[in-house]
Amino acid sequence: MLERAGVDVRVGTEREDEGVAPSVMLEGIQWCDVLVSLLTEPIDRALLAANPKLRGVAQYAVGFNNIDVAGATALGLPVSNTPDVLTDSTADLTWALLLAAARRIPEAQEYMKAGRYKLWGPNLLLGADVSPGGNGRRKILGIIGYGRIGAAVAKRAVGFDMDIIAYDLHARAAIDSSGIARWAELEDLLAQSDFVSLHPLLTKETHHLINERALKLMKPTAILVNVSRGPVIDEAALVRALNERWIAGAALDVFEHEPAMAEGLANCENAVIVPHIASASVGTRDKMATMAAENALAHLRGERAPNAVNAEVYSSVAYRERAARALGAT
Ligand code: DGY
């Protein structure tokens, strides 16, 4: 799309498994008019300030915690993201992880592939019920962070006959009016839930929201799912919780020091771990790319980006000054 629009597109690295070195980012930002960014590169104010003619940042992700948005706004730079399109694929993966952890799918697959299945047995790979199941008790799903994705996860839980409780400091009204979830204080949610699913933005308030204390409040039979951002969990504490069975299991798409994992996590048999693939479906990634390109073109043309996360920037003096500088440059 960008090349068809006549844009000179240069790529920081062709290697997806490597990321772009800070020195390459710094050199590259000097000449570019718009930066299309991934969540893997930190984009701080100093980097953005290195090119006074930069017009905007188009992030290829809904999350943008890698970008200093306040710094960008102060510099007069619009930042955009790719919201909504990945809500369903992320909610689907949440459920895939929840079910995989509850029903021990990865362990069961390894068992088969290792040729260990010799005879069906009543105690083979017993897991946890998700639906009311044998004892008829409706399971409780606790959702932390009730934005678009949290709400989509709740919608799917209805089909499993679950009771849904939710906590979100900024979305109490959305929970109260959802008709399917009811508000719970964080500690009550942790103590009551059979499954806890994390969907908050990563902020100072949510960093290590799930720490040793929170994990100890959870039921020993509970399963924790995280598809939000790794640092929401204190991962070292989680490894202790899994090894010492404070909780029954965890299913993780994201990691505190991604792509690294906390020591011992890979050896926890009660952890299901996948490499940040919540939005990784062909249709979703195609649409994310289209949205990022549309946003980038808008930044480039000095138009309002369809998905600016700091729309207030457009009325700032810093933005007008930057636009004037860019026009002077062409
Ligand atoms: C996002 O968009 O923030 C996801 O983490 C990756 O698609």
Exercise. Report the residue count in segment 179-230 for those that are more than 16 Å from GLY63 (Cβ to Cβ), open to solvent by 40 Å² or more (accessible area, probe 1.4 Å) and within 16 Å of the ligand (Cβ to nearest atom).
Key: 0
Quiz item: So which of ARG137, ARG103 ends up being closer than 16 Å to SER193 by Cβ, without any contact (Cβ under 8 Å) to a residue 40 or more places away in the chain and surrounded by fewer than 17 Cβ atoms within 10 Å (Cβ to Cβ)?
Solution: ARG137
Exercise. Taking the residues in segment 29-62 that are touching a residue at least 40 places away in the same chain (Cβ under 8 Å) and assigned to a strand (DSSP E or B) as candidates, determine which candidate is surrounded by the fewest Cβ atoms within 10 Å (Cβ to Cβ).
Key: VAL36
Quiz item: Can we say ALA296 is away from the ligand (no atom under 12 Å from the Cβ) and either in a strand (DSSP E or B) or of a type outside the set (D, E, K, R) (or both)?
Solution: yes
Practice problem: Only one of these is among the hydrophobic types (A, V, I, L, M, F, W, C) and either open to solvent by less than 20 Å² (accessible area, probe 1.4 Å) or at pLDDT below 95 (or both): ALA72, ALA108. Name it. | Solution: ALA72
Quiz item: Mind checking which residues of segment 259-290 are within 13 Å of the ligand (Cβ to nearest atom) and open to solvent by less than 20 Å² (accessible area, probe 1.4 Å)?
Solution: ALA278, SER279, THR284, MET288
Quiz item: Given (1) in a helix (DSSP H, G or I); (2) in contact with a strand residue (DSSP E or B) (Cβ under 8 Å, 6 or more places away or on another chain), where does PRO231 come up short, assuming only one miss?
Solution: (2)
Quiz item: Do we have LEU99 as outside the structural domain of ALA296 (by TED's automatic domain parsing) and within 16 Å of the ligand (Cβ to nearest atom) here?
Solution: no
Exercise. For ALA91, state whether it is within 16 Å of the ligand (Cβ to nearest atom) and in the same structural domain as ALA157 (by TED's automatic domain parsing).
Key: yes
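The values are calculated or read from the model by the stated rules, or taken from the named source; none is laboratory data. What you are looking at is a predicted structure, and each value in this text was computed from that prediction instead of being measured. No Cβ is skipped: glycine too gets one built from the backbone with ideal geometry, and neighbour counts run over all protein chains shown. Note: accessible area is taken over every heavy atom of the protein model, side chains too, but ligands, DNA and RNA are not part of it. Shrake-Rupley method; radii C 1.70, N 1.55, O 1.52, S 1.80 Å.
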